[in-house]
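Chemist: The structure follows.
The values are calculated or read from the model by the stated rules, or taken from the named source; none is laboratory data. Computed from a prediction, not measured in an experiment: that's the story for all the values here. Here the Cβ positions follow ideal geometry from the backbone for every residue, glycine too, while neighbour counts run over all protein chains shown.
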Amino acid sequence: MENFELTYGIVEDMQGKWSVHIENGKFKDFYFKIDHLRLTYKDENDKLKLVKDYSEVEDKEVQLDFQYDLMKVPAEFENKDGDQYEFEEVARNILIDILMNHKDLYKLEQDEHQTNSEQFDQK
């Protein structure tokens, strides 16, 4: 697989919601929206918990957990085995970059009972 720098843009749709536009690579011109974005870890009872404070996860493996909606896929794209996994890895890398560099565009879910997050709905 060819190594290249993945580029993306954050765009506003007609309803005023934010989505991610993948600008190059295998998934060029895919648009997706993040519905839920949270950091999780497993406690001593192997139960999945949301990260509320980084001090509680110092010695634990933290996972980036998210759900997405594909908003647009180019008509010429042919789905093959493994494409969903590969797309989710690309989306995960983009989200990590967003978390690190564009903090104004997301809000991590903090409440286990919360069903809606506002990460790409804010300006």
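Chemist: Looking for something in a strand (DSSP E or B), modelled with pLDDT under 85 and either among the basic types (Lys, Arg) or in contact with a strand residue (DSSP E or B) (Cβ under 8 Å, 6 or more places away or on another chain) (or both) - is there at least one such residue anywhere in the stretch 103-112?
Modeler: No, the stretch 103-112 has no match at all.
Chemist: With the requirement that a residue be of a type in the set (D, E, K, R) and assigned to a loop (DSSP other than H, G, I, E, B), what does the stretch 51-80 give you?
Modeler: Of everything in the stretch 51-80, those that are of a type in the set (D, E, K, R) and assigned to a loop (DSSP other than H, G, I, E, B) turn out to be Lys52, Asp53, Glu58, Asp59, Lys60, Glu61, Glu76, Glu78, Lys80.
Chemist: Among the listed residues Lys47, Lys123, which satisfies the condition of being surrounded by fewer than 12 Cβ atoms within 10 Å (Cβ to Cβ), more than 12 Å from the chain's Cα centre (by Cα), at pLDDT below 80 and basic (Lys, Arg)?
Modeler: None of the others qualify; the one that does is Lys123.
Chemist: Then there is this: In the stretch 13-43, what residues are exposed (fewer than 12 other Cβ atoms within 10 Å of the Cβ) and either in a strand (DSSP E or B) or at pLDDT below 80 (or both)?
Modeler: Met14, Gln15, Gly16
Chemist: Separate question: Which of the residues spanning the stretch 81-94 are surrounded by 10 or more Cβ atoms within 10 Å (Cβ to Cβ) and either of a type in the set (A, V, I, L, M) or outside any helix (DSSP H, G or I) (or both)?
Modeler: Within the stretch 81-94, Val90, Ala91, Ile94 meet the criteria.
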